[in-house]
Every structure is written in structure tokens, then in C-alpha cells.
Amino acid sequence: MSEVSGPGAAGANGTTAAPAGGEQRGGLRVKRGLAEMLKGGVIMDVVTAEQARVAEEAGAVAVMALERVPADIRREGGVARMSSVTLIKEIMAAVTIPVMAKARIGHFVEAQVLQALGIDYVDESEVLTPADEEHHIDKWAFTVPFVCGARDLGEALRRIGEGAAMVRTKGEAGTGNVVEAVRHMRAVQGGIRHLRSLRADELMAEAKRLGAPYELLREVAETGRLPVVNFSAGGIATPADAALMMQLGADGNFVGSGIFKSEDPLGYARAIVAATTYYDKPEVIAEVSAGLGPAMRGLDVASMPREELLATRGW
Amino acid sequence: MPGGTEAIVRVGALALQGDVREHLAALRAAHCDAIAVRTAAELEAVDALAIPGGESTTMSRLIRAFGLEAPLRRRLADGMPTLSTCAGTILLSREIRDGTGDQLALGVLHLTTRRNGYGRQLDSFEFDLEIPEIGAPAFRAVFIRAPVIEAVGPGVEVLAVQGGRPVAVRQGRHLSLTFHPEMTADHRLHRLFVEGLERVVEGAA
């Protein structure tokens, strides 16, 4: 082997590069592109560097660095904020896969801090206590890409209009109950099928009804899919849940409490990764599910008071 | 391959994780029959294999967990051509730097590759890349948490460099890139790969 010489390859975080060769950072293609590379994979919530290493070993495509998983946020109450900088740094140092972290809805300074830390993706998340009850972050202003939650097509397109490079269903985080994730994925996919059925002269009225940008509606009506990757999230607790979401059209899965609140985190993590890849092969899902201990204990979303629902946060 | 009037070669895209859909579309645009490969039986059914972008550690784990390592090694030893981008190039390299300790290195490419060699996502970039092999115009190359090829062995031809580092190389019938041609509408590199396969198939006929 001969070593190839070259100027130092490691770049400085977020700096705008020299114009040579039309070099560009933080453009739409690289922001959306990282999400494209995560497709077919599982992004796991972790609260320690050790959990992050378990997730990486199990085959996670990325980890979400958190102080508390949603199930604990739900139980403990109080204001849920961006995780501590120390914890995020520890997790970033512990693994080689992308690291995401959550900022509160509308809290653009938390997002600025996460970008300054060199995080790979910011989740502007309803799981944290919103900082703004009217406005989301202007995500175009950032080099770091954002993922946002959505319950239906209109909400997904509003977030994309604000610059989100990836969306996910909200589901109902921390419940271990997939019912809301299913509802939201069906709403997004059904909304896309409906758009495809409309005439061109009906799209403006539909844009008004959805409260979503007209240009994005036209794009979706033409291509039949969102312009960004759409993962599922919020209540996925078993390999079968993960495969269900993929069969319903998810590009991949976020799993929060479902892994590290189960009795066998490494086993669940590996099995959910496998079920996300082989989502249409029930014999594989059966095989990887064998021998797993109990899944996390779930909550019945229908019996929960509306003010306890996280999915209603975001506008 | 059955002699159809359209595609004369069948290329698989390793579909364990990553931007498989884009590779399948680009391969079809380059006039070949393209199928997703997730099982040993599907691997047997292809003339060549594209390994997409994604997370090399995830693909590495799934290759091992689902019994694909031995069939992959055997097909590669038998000379199966590959088109690899980003994570795919890492997986095929002889030596991986900054990998996880147990990460799979299939070793068919005489390359030493450093994962995330440019840094984190904030250092991801696009660039107008000159590739003499395909001529003008320059290729809009998208690098996403891309690896850096730090050393090349004998038999490796460097097709393009960026910042003094090889980013597109060819070794026999393997075409290996650290960026993502499948993310653009420019299919010249997929076409270059498929044409190389067609020449071999036609030559053998």
C-alpha cells in the first residue's frame, strides 16, 4: 500500500468552505442526503455512553442522545429540555455512527448550541416541553439538518417548508403503544394518495385546507412521495411493531423507550434492527423474536387524558 | 443471463440498509436489470453487486447475522464485479481505520479507508469533480460523512481526486467511490460500470 498524501482532510465544523470546485456545505442535498443514508435502519434513544455503544453494536444507524427516555420524561414530569452538553459530548465520543439530539420546539438557541457541538442531526421534538407555542425553528438558517415530528401530511409539509430535512411520525412517545404511530403513518400516506388523485386546479384549495405550502403539494402530487425521508417514531416496542411500520411505508424506525426499557436491551435492539431490514419476511421476524424477554410495559393511549399526550404539541 | 433485447446484465443492490432505492433507479437508468439483494439466493442470481451508501457498521452486522458473509466472500473470490459508494467502499476495503473493532472488511479492494475521514455531518459537502474517464461536464459529487481513501495498493487506478485524495478508483472490474452518484440525476458513473459489464458479457458470448 502507498499512503496518499493530501492536505489535512479533517474539516472544521460548519465552516463555509473555499469556493474551489463549487464546494458547498449545509445545502439541501447533503442535509436530506444523510437521512437517505439512514433508510432501512433504526435510530435508538440512549441516555449514557454505554447504551450508545450497545446500540452501535446492535446495528443502529444512529443514536439519539437524551437525558431521559420519553417513558421517564412522562413519569417524572417537569420541564424537559435539551440534554446536558456533557452527556451529549460523552455520547458523541463513544460511537462512530451519527449522533442526534433533541431541541425544544421553537428553541432555536438550543439548536444553535447543538450545532456548535457538532451534532449530526437535530430533532425539534414534541417529547421536550415546547419553548414556543406558535412558531417552530427556522431550520433553513442552520448548517446542521433537522428532523421534525408530524401527525399528517399538512404538518409534515409545514415542517419541510420550514427547512426540515427529514420527518418522522410523532406517534405517542414513551407509551410502548404503536397505535398513534400507525394512525400518523396512515394519515401521511393516505394524504399523499389523496393528493395524487386531485386535478392540478384543485391543489391550491387543498394547500389551504392542509395549511401547507402550495409548491410542496405540487411536488408531492407529481412524485407520489415526500421530498424527504419519513421515519416512524413514537411507541415502537417490538420487532413486529418495527416491521408493521415499514410495511405501512416508513423509511426506517426511531425506537425510544422500547429498547432500554425492555428486559433485554441488546436482544431487542438486534431484533428490531433485523425486523426493520426483513420487514416483509415474517419467518425472519419470528426467528429474531424468539427468546426475547418481556417488552417494555405499555400504556393505553385511549385512556390517557388529552393534556398528557405529547403528539398534540407542535403547530 | 438470458439474452433479452433490453438489459443484458443483472446487477444487485445490497439492500440491508441505506440508499438502495436510489441505486436501483440509477442502475435501471443505466440500462441494466436491477434487483434488491437481501438473501444468499438473491446474491446468486446477479452478475454484479452494487453496495450502497448507509452505515457500514449496520451492514456489517446484518451481513454476519444473516449468513451472507461466506456467500459474499465466495462470489467476490470468483470475481463478481462491484460498484460501491461510501459505506460500500468501506466494507470492501482491505483495511478500515476508525471502524468499530469487529467491523467486517471484505478485503477485495486494495485500499486503506478511514471512516468519517472528513469529520462529522457538518463537514459533509458537494463538489464539482473532474473525472477524465467520463469527460465534461464535471460531476456534482455529494460527500456525506464520507470516508477518505488513505492508501492504495497495486492494481488500483485512481479515476478522480479531491483535495489530493482519491475519491473514485477502479481495480479490475470494481468501481469504488467515496461519494454518492446515486443521489443525483447524473448516471454517467453507473453507466460506466454497466458498460464494463456488458463488454465482458458480450466478449464471452
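The values are calculated or read from the model by the stated rules, or taken from the named source; none is laboratory data. As the structure is a computational prediction, the values presented were derived from the model and not from experiment. Every residue, glycine as well, gets a Cβ built from its backbone with ideal geometry; the counts of neighbours run over all protein chains shown. Please note that ligands, DNA and RNA were not included when accessible areas were found on the heavy atoms of the full protein model with its side chains. Shrake-Rupley method; radii C 1.70, N 1.55, O 1.52, S 1.80 Å.
Computed quantities for the displayed model
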{"quantity": "From B:L76, B:L106, B:L111, residue being of a type outside the set (S, T, N, Q), touching a helix residue (DSSP H, G or I) at 6+ places or on another chain (Cβ under 9 Å) and surrounded by 22 or more Cβ atoms within 10 Å (Cβ to Cβ)", "calculated": "B:L111"}
{"quantity": "Yes/no for B:A146 being open to solvent by 30 Å² or more (accessible area, probe 1.4 Å) and either under 30 Å from A:L114 (Cβ atoms) or more than 10 Å from chain A (Cβ to nearest Cβ) (or both)", "calculated": "no"}
{"quantity": "All positions within the range B:46-59 that are open to solvent by 10 Å² or more (accessible area, probe 1.4 Å) and touching a strand residue (DSSP E or B) at 6+ places or on another chain (Cβ under 7 Å)", "calculated": "B:D47"}
{"quantity": "Residue satisfying condition, being open to solvent by 20 Å² or more (accessible area, probe 1.4 Å), away from chain B (no Cβ under 14 Å), among the hydrophobic types (A, V, I, L, M, F, W, C) and without any contact (Cβ under 8 Å) to a residue 60 or more places away in the chain, within set A:L292, A:L299, A:L309", "calculated": "A:L292"}
{"quantity": "Where a residue in the range B:66-89 is in contact (Cβ under 8 Å) with a residue 24 or more places away in the chain and its partner, wherever it lies, is aromatic (F, W, Y) and part of a helix (DSSP H, G or I), with Cβ under 7 Å and at least six apart", "calculated": "B:L83/B:F193"}
{"quantity": "Among residues of the range A:217-263, those that are touching a helix residue (DSSP H, G or I) at 6+ places or on another chain (Cβ under 9 Å) and in a loop (DSSP other than H, G, I, E, B), counted", "calculated": "19"}
{"quantity": "Criterion: closer than 20 Å to A:A250 by Cβ and in a loop (DSSP other than H, G, I, E, B) - qualifying residue of A:E180, A:E172", "calculated": "A:E172"}
{"quantity": "Subset of the range A:13-28 [at the interface with chain B (Cβ under 8 Å from one of its Cβ atoms) and at pLDDT below 65]", "calculated": "A:N13, A:G14, A:A17"}
{"quantity": "Test: residue in the range B:75-87 that is farther than 19 Å from A:Y278 by Cα, in a helix (DSSP H, G or I), facing chain A (nearest Cβ under 10 Å) and under 17 Å from the mean Cα position of the chain (by Cα)", "calculated": "yes"}
{"quantity": "Test set (1) touching a residue at least 12 places away in the same chain (Cβ under 8 Å); (2) within 13 Å of chain A (Cβ to nearest Cβ) - B:V194 fails condition number", "calculated": "(2)"}
{"quantity": "Any hit, the range B:153-166, residues being part of a helix (DSSP H, G or I), farther than 22 Å from B:V20 by Cα and not basic (K, R)", "calculated": "no"}
{"quantity": "Residue ID - farthest from the other protein chains (Cβ to nearest Cβ), chosen from residues in the range A:29-48 that are open to solvent by 20 Å² or more (accessible area, probe 1.4 Å) and part of a helix (DSSP H, G or I)", "calculated": "A:R32"}
{"quantity": "Qualifying residue in the range B:118-139 (condition: touching a residue at least 24 places away in the same chain (Cβ under 8 Å), at the interface with another protein chain (Cβ under 7 Å from one of its Cβ atoms) and in contact with a Ser or Thr (Cβ under 8 Å, 6 or more places away or on another chain))", "calculated": "yes"}
{"quantity": "Condition check for B:E195: open to solvent by less than 30 Å² (accessible area, probe 1.4 Å), in a helix (DSSP H, G or I) and of a type in the set (D, E, K, R)", "calculated": "no"}
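Condition check ((1) under 26 Å from A:E134 (Cα atoms); (2) of a type in the set (F, W, Y); (3) part of a strand (DSSP E or B)) across all residues:
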residue	(1), (2), (3)
A:K89	no, no, no
A:M92	no, no, no
A:Q115	yes, no, no
A:D123	yes, no, yes
